[in-house]
Structure formats: C-alpha cells, structure tokens
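A.B. asks: There's a structure below that I have some questions on.
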Amino acid sequence: PPAMLRDQDTEADFQRFLRRVDDVANLLQGLKSPDLAVQEKAIAETEKRLQEQGASREEEEEESRTTVNRTLINTSVRAFPLKLELDGFLAALEKDAKERAQRRRRNEQLADALKEQGNEAFRAGDFALAIQSYSEGLEKLRDKQELYTNRAQAYLKLHEYEKAISDCEWALKCNKNCLKAYFLMGKAHLALQHFTESRQCYEKMLQIDPQKANLVKDCVHKARLEEKRLRDEERAERELQAGSAAASSIQELLQRISSPGHHILYYTGGIRLLAEAVTSCTGQTFFRTNNGFSILRNETVRGAFCAESKSPAEVELCVSLLLLWQAACAGNEENQRLLLAQPEVSAQLPELLSCGTAQLQRETLALISLYSEHDSGRRLLVRHDLSRWLQILLAFVKCTDARADSAMNILSDLAGEERFQTQCRATLSTGVLPLFTQLLVCARQVQQAALARALGVLGRLCADVQLRAQLARSRECWQACLQLLDGCPDASSPGYQQCVFAVLGLMMNLLLESKDTIQDFAVPISGRCLALLNHQDGRIVTRATGVLSRVLPASPSAVEEVLRAGVVKKMLKFLKAGGQLTSSYAIQTLSICTKSSRRAQEELLEGDKRFQVLLRLLDSGDELIVGNAAFCLSQCLLLPGAASALLGSSVVQLLLRQAGGDAHRTSVQQNSAIALGRLCVAEPRHIHQLRKLNGLAILNSSMKYMHSS
C-alpha cells in the first residue's frame, strides 16, 4: 500500500492547501457582497491571482482528490478577458465548483466501496488486505476519517502500534471529536506501555461525551492494571536478581559460621552480616532452606548463647543471634515455628529476659513481640511452658525505658490466651502476687503508665475463674489496691490516674468472687470509692460507682458508712446527668441501700420529688436499670405518702407494662409486680387507673410476689 501522509512536507502541503481554500472562499464572499467597494476590491484581487496562475494552467488532474472539498478558481479562465463582467465571472466559478463537486462524489463512492472491501477483509481476519483497501480508499479521498480509524484498527491487530497512532492523529485532523480515534489511540499507547498517554486519550473521550463514563472507567482501569502488572514484573525481576545474589551470600555466610575453630568475634561478624542478608522474604526462605536454624550446632555459638554468666563478647554474639532471628522470623510463620522448635531457644528465652543485661533483654523482647502480635505466633508461644513469663514480664514495670512498654505489650497479647491463663495458675500465689503487691505499694517509684497496663493485664487474667479466686482471697492484694488508691504526692498526674482507673477495674473483677475476704475490706473500699466520686475524670467516677455497687452487698456496715457520707444524693446526681453505664451502677447502688435502710428510702423520697428520676428509669431500654428502679420504688412505697405522690403520673402504665411480660428477665417482672402491688395497697386510687388499663388480672397475680417479699 502507498505510504501514509505522515512526513513534514506532506503536513505542510496539507496546511497550505487549507489556507488557499479559505482565501478563495473569502474572494467569493467579496464578489457577492452588496457593497460596491468590497466587490471592486475582490475583483482586483481576483484579477491579480488569475494573472499569477496564468502560467500554470497545466495543473494535474490529481488535484481534484484533496483532503478537503476545495473550490479553486479554474485556471482556464485566463482565456477570458481580464475585464470580464462580474456576472460571467461568477458563472464560470460556479461551473468549476460543480465539476469539482461531481468529481468528489465519484471519489466518495469509490472510497466507500474500498472501505467496504476493507471491512470484509477485516471481518475475515485478513488485516493486511484490509489495510491495502483502506489505503486505496485514502488515495481517492484523503479526508475520510472512517478510513483512517478503520486502518488504525487493522494496524492494531497486526501490532503495528506506531502506525495506528499516526492514523488516529490524521483522523482527528478530519474530526477533532472522533471518539473512535481516541479510543484506538489509547489502546495503541497502552500496548506500547505509554500509560500516561493512554489515560489522556481515555480522559479526552470523557470530555467529549460524558455518557461514555462507564467505558472510560473500564479503559482507565485496564490501563492501571497493565501498568501495575508491568511494575510487578519489573520488581519481581529485580527481586529475583537480588535473590540470586542473596542466596549465594547466605550460603557463604552459613558455611563460614558452621566452620569450627574460629574466634568468637569471627562468628559474631558473620552472624551480623547474615542478619542483613535475610531481611527480604526471599532471604528468609533461603535462610530456612539452607538450614539456617541449625546455627546453634556450632559449639562456640551454642556455648555463648546458653552460658549462664556471659562475657561481653558472648553478650555481643547473643545480641547478633537475636537480631538474626528477628530478621528471619518477621512475618514468617514457618520460620517462627522452626525457631521455637530448637530446644535451646525455647529454654533460653526466659533466661535472657531475666538476665539483667539491658541490651539482651531489649532484643529478646523484640523477638518475642514478633510472635505475640499475631494469633499464629501466640499459638506457637503457648505450646511451651510460659508459667514463669507472667512474673518475669511484670518485673519490667520497674524499668524506666522502652523495655517496660514492650513487656506490657507482650503480656496484653498473651493475657487473652486460655493456655497462658492456665499456666499462670501455678506461679500466681508464690511468684506473681508478692511481686504484684510490691509494685502497687511502690507505685510512685515505678513507671506508672506501665503499671496501669500491668493492672489491666491482671484484670484480663481474671477471666479465668481460678486466677480470679486466688487474687480475691489474697489480703495482700486488697491492701495493696487500697494503698494505691490512697494517692501519691502527684495524684493528679496522668500516669497515676491511669493506675487508679486500672486498679478500680481490677477490683470490679475481683468483687465477682465470694465475699469472705471482701467483707473485711468493704468499709475502706467504700470510703476510697466515695472520695473518688468527685474526681474530674468521668471514667474514674464511673468505675468508682461500679465498685460501690458490687462491694456494698457484702457489708451492712459499709452501707451505713456511705449513707452517712451522702451517697443517695450523689447517686441521684449521677442518675440525672450520667451516662447509661454510670446510671446502671448508680441505680444498683441505690437499690442496695434502700433494701436495708429506711434512711436511704427517706432520702430518696426527699431527693427525687414525685419520683421523676425513677419514673424515667422505668422507661429505659436497659432491663437491669428498669429492674433496679422498680425495686427502689417498691422499697420507697413502704413510706407513708410515697404512693400518693405518684397520683396523676404514668407509674401504673410503666409498671404494668414490665410486670405484664414486656420484660424478658423474670426478676424485672417480679420487681415491677411487687412495686405495682404495693402502690395499689398503699394508695387504692391507683386501682382506677389500673382498671382503665385492664390490669386487674396482673395485679392479682402480682400479690403472690408481694406476700413473699
């Protein structure tokens, strides 16, 4: 097929032709102008051009097939007198234009026929023949956009992407908004890995036709996927090359370390270099497949790692080993499993933690953290005996550097593991409790943020019933908790407040146990909690209220103490303004106080006018709050005048709804039924409202609860 019009000379010729067409169009417009001055100027310009063209009458017939429907002044008019009348001149121009239009129509018909031939060849898969037909069509009509885009599509099929792009550019010269040209050019650029240019083509399509958003989105997505695939391949190639070099290096270093008879510093240097070589996933794999975990077979290395009292050189070698294992095990579960399968490693980890050498402790903690941060790693850890770990890790609270945080992170991770909880039972009373109470007593001398986290860990361990029971029976534990609540010189410091919050949480967990030991500490515990009800930290206030709600049932003396201190007024204040959790603890505290104390009932009646607070709680969505509110109300209804204060309120409807079965808990139904019965007995006028609500049957059934109460 003929060469495409893509060189600079052809482009310049094309542009000159377009300018000549514009000039002729302007002359014709001037000759037809009603303005005589404009006509005369156009005639003069026309005569000048005819004289200039007189010498070139032999212009080739080829000029009839141009890229634009040109209407040039036929040079044959030079035979006309230069003073041709205007009408005759215009008639000659019109005739020439008609002849050119006829030739263009013939060329269009030929170009269309060749386009159809090309389309048939394309559908048949003969892309070379299709290109030939489209090219012949362009010889007939060089400004036909469809021929350029069709030929570009055929070039794409033959992977001639540069030619496809050139055809798309020519199609856009014919029609600057040709979507097909931008679409095909985008595909060609994508095939050439010109990702930016490809996206620009698709974005141009969206600018021209916003309705093509879905198509453009798919195209851009494919371009991005292809770009990512290419980058992944390049990265994989780089990693493969680096991996080959790393494999060779790892093999050489392992051979160096396994060879006997060298000085300890020789092995330390080799291990350091090996740690740098295994940082990638590929390096970790090569380390494992080349028996890297058998490094302890070297007697010098194993001796330094297992030595009870280590020299500085042995410490340096052990640190290097720990760094190597960190690099080999980071994010690699199989390597983690193989490392802990080494008997010397699992046996030495607790020894390294308690060795007293800060550098060894830091790197050991870092290695263990790789395991504890993930479920799979924790499962590997708890397969081994970790009974000593709670005591060892708690001791790091005394450290003032990052070791304390690292140790508490590990403990927090392990505390939820059932096997770890079980293993801790053996050493809790003999090893952990003495250390724990010592830490609480010396709270002002240790890192308080770490101590708060240690308290949180023990609170989580209380999920194990046996561990919780051991702690709850420990008088030393309760005494240490109270001593911490007594405060420190800087009681307002954030660290101390974290400790208070954590120890209150621990106490709430311990108060779930039997009350034998707790009875002896109920009064001082209640006193400390009352003092904390004025704290500026709302979280501490909530937990202090929660501790009160759990400790008061253990001691009538504690109830009397808190009543003297004004607990009813404080609880009402929380119920009026507190959140749901605080309200739950506060109403529970009031129910305990009103159960055993007439004074509490009277203070509640006086402080809650017409029981507005209790009525609001009866309408709560929390059944625990509803049940305790109903219980408090039933206790207060024993007082003269209490039932009359509720006339005209919604109390009957609220109690009837709960007693009649809306409540799921039996205790809530019973408390509501008892309150309803006492209400109607103390003030019969409430029966009228009960009758209107068809609640007499429920009242009769509630009488059995009232008698039993």
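A.B. asks: I'm trying to understand the selection: among the residues of segment 184-203, which are within 19 Å of GLU146 (Cβ to Cβ) and out of contact with any His (no Cβ under 8 Å at 6 or more places or on another chain)?
C.D. replies: Step one: filter segment 184-203 for residues within 19 Å of GLU146 (Cβ to Cβ), giving 184-188, 201.
Within segment 184-203, LEU184, MET185, GLY186, LYS187, ALA188 meet the criteria.
A.B. asks: Can we say HIS384 is within 20 Å of LEU340 (Cβ to Cβ) and in contact with a Ser or Thr (Cβ under 8 Å, 6 or more places away or on another chain)?
C.D. replies: For HIS384, the condition - within 20 Å of LEU340 (Cβ to Cβ) and in contact with a Ser or Thr (Cβ under 8 Å, 6 or more places away or on another chain) - is met.
A.B. asks: List the residue pairs whose Cβ atoms are under 6 Å apart, where the first residue sits in segment 516-543 and is within 13 Å of THR589 (Cβ to Cβ), the second is open to solvent by 60 Å² or more (accessible area, probe 1.4 Å) and of a type in the set (Phe, Trp, Tyr), and the two are 6 or more positions apart or on different chains.
C.D. replies: Taking only residues 6 or more apart or on different chains, not a single pair turns up.
Matching residues to (1) under 30 Å from PHE286 (Cα atoms); (2) open to solvent by 70 Å² or more (accessible area, probe 1.4 Å); (3) out of contact with any Gly (no Cβ under 7 Å at 6 or more places or on another chain); (4) among the polar types (S, T, N, Q):
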site: SER135; (1), (2), (3), (4): no, no, yes, yes
site: ASP209; (1), (2), (3), (4): no, no, yes, no
site: LYS222; (1), (2), (3), (4): no, yes, yes, no
site: GLU226; (1), (2), (3), (4): no, no, yes, no
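A.B. asks: Now for a separate question. Just give me the residues in segment 519-530 being open to solvent by less than 70 Å² (accessible area, probe 1.4 Å) and farther than 12 Å from ARG550 by Cβ, in sequence order.
C.D. replies: Result: PHE521, VAL523, PRO524, GLY527, ARG528, LEU530.
A.B. asks: Taking the condition part of a helix (DSSP H, G or I) and either out of contact with any strand residue (DSSP E or B) (no Cβ under 6 Å at 6 or more places or on another chain) or farther than 24 Å from SER280 by Cα (or both), does THR400 pass? Break it down stepwise before answering.
C.D. replies: Numbers: part of a helix (DSSP H, G or I): no; either out of contact with any strand residue (DSSP E or B) (no Cβ under 6 Å at 6 or more places or on another chain) or farther than 24 Å from SER280 by Cα (or both): yes.
Taking the combined requirement at face value, the residue does not satisfy it.
A.B. asks: Among the candidates ALA358, ALA341, ALA330, single out the residue that is surrounded by fewer than 17 Cβ atoms within 10 Å (Cβ to Cβ) and closer than 18 Å to VAL278 by Cα.
C.D. replies: It is ALA330.
A.B. asks: For segment 263-288, which positions are part of a loop (DSSP other than H, G, I, E, B) and in contact with a Ser or Thr (Cβ under 7 Å, 6 or more places away or on another chain)?
C.D. replies: none
A.B. asks: Take the residues in segment 114-125 that are more than 52 Å from the chain's Cα centre (by Cα) and free of Cβ contacts under 8 Å to residues at least 12 places away in the same chain; name whichever of them is most open to solvent (accessible area, probe 1.4 Å).
C.D. replies: Initially, segment 114-125 is screened for residues more than 52 Å from the chain's Cα centre (by Cα), giving 114-118, 120-121.
Applying the additional criterion that residues be free of Cβ contacts under 8 Å to residues at least 12 places away in the same chain yields 116, 120.
Values: GLU116: 88, GLU120: 114 Å².
Per the criteria, the residue is GLU120.
A.B. asks: Now for a different question. Within the set of pairs 6+ apart or on separate chains, which have a first residue in segment 308-336 that is within 19 Å of TYR267 (Cβ to Cβ), a second that is among the basic types (Lys, Arg) and at pLDDT below 95, and C-beta atoms under 6 Å apart?
C.D. replies: Cβ pairs passing all conditions: SER320/ARG272.
A.B. asks: Among the residues of segment 624-637, is there at least one that is surrounded by fewer than 19 Cβ atoms within 10 Å (Cβ to Cβ) and within 45 Å of the chain's Cα centre (by Cα)?
C.D. replies: Yes, segment 624-637 contains a residue that is surrounded by fewer than 19 Cβ atoms within 10 Å (Cβ to Cβ) and within 45 Å of the chain's Cα centre (by Cα).
A.B. asks: For residues that are without any contact (Cβ under 8 Å) to a residue 24 or more places away in the chain and more than 44 Å from the chain's Cα centre (by Cα), scanning just segment 256-294, find the one that is most open to solvent (accessible area, probe 1.4 Å).
C.D. replies: For segment 256-294, the residue satisfying everything is HIS263.
A.B. asks: Give me the residue from segment 295-305 that is assigned to a helix (DSSP H, G or I), over 15 Å from LEU339 (Cα atoms) and not aliphatic (A, V, I, L, M) and, out of that set, most open to solvent (accessible area, probe 1.4 Å). Give the steps one after another, and end with the answer.
C.D. replies: So the first thing to find is which residues in segment 295-305 are assigned to a helix (DSSP H, G or I), and the list is 295-297, 299-305.
Adding the requirement that they be over 15 Å from LEU339 (Cα atoms) leaves 299-301, 303-304.
The next check asks that each one be not aliphatic (A, V, I, L, M); those that pass are 299-300, 303.
Values: GLU299: 141, THR300: 50, GLY303: 38 Å².
It comes out as GLU299.
A.B. asks: Within segment 156-194, track down each residue that is open to solvent by 20 Å² or more (accessible area, probe 1.4 Å) and among the aromatic types (Phe, Trp, Tyr).
C.D. replies: Listed by number, the residues that qualify are TYR161, TYR182, PHE183.
Residues checked against (1) open to solvent by less than 30 Å² (accessible area, probe 1.4 Å); (2) assigned to a helix (DSSP H, G or I):
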{"residue": "ASN534", "(1), (2)": "no, no"}
{"residue": "ARG543", "(1), (2)": "no, yes"}
{"residue": "VAL547", "(1), (2)": "yes, yes"}
{"residue": "LEU552", "(1), (2)": "yes, yes"}
{"residue": "GLU560", "(1), (2)": "no, yes"}
{"residue": "LEU563", "(1), (2)": "yes, yes"}
{"residue": "LYS570", "(1), (2)": "no, yes"}
{"residue": "SER584", "(1), (2)": "yes, yes"}
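A.B. asks: What single numbered condition from (1) among the hydrophobic types (A, V, I, L, M, F, W, C); (2) more than 56 Å from the chain's Cα centre (by Cα); (3) surrounded by 15 or more Cβ atoms within 10 Å (Cβ to Cβ) fails to hold for ILE131?
C.D. replies: (2)
A.B. asks: Answer yes or no as to whether LEU633 is aliphatic (A, V, I, L, M) and at pLDDT below 90.
C.D. replies: Spelling it out, it is not the case that LEU633 is aliphatic (A, V, I, L, M) and at pLDDT below 90.
A.B. asks: Checking ASP143 against (1) under 23 Å from ASP112 (Cα atoms); (2) open to solvent by less than 10 Å² (accessible area, probe 1.4 Å); (3) at pLDDT below 90; (4) of a type outside the set (S, T, N, Q): exactly one of these is not met. Which one?
C.D. replies: Single failed check for ASP143: (2).
The values are calculated or read from the model by the stated rules, or taken from the named source; none is laboratory data. Everything quoted here is computed from the prediction, not taken from an experiment. Because the Cβ atoms are built from the backbone with ideal geometry, glycine has one as well, and the counts that use them run over all protein chains shown. To get the accessible areas, we keep the full protein, side chains included, count just its heavy atoms, and leave off ligands, DNA and RNA. Shrake-Rupley method; radii C 1.70, N 1.55, O 1.52, S 1.80 Å.
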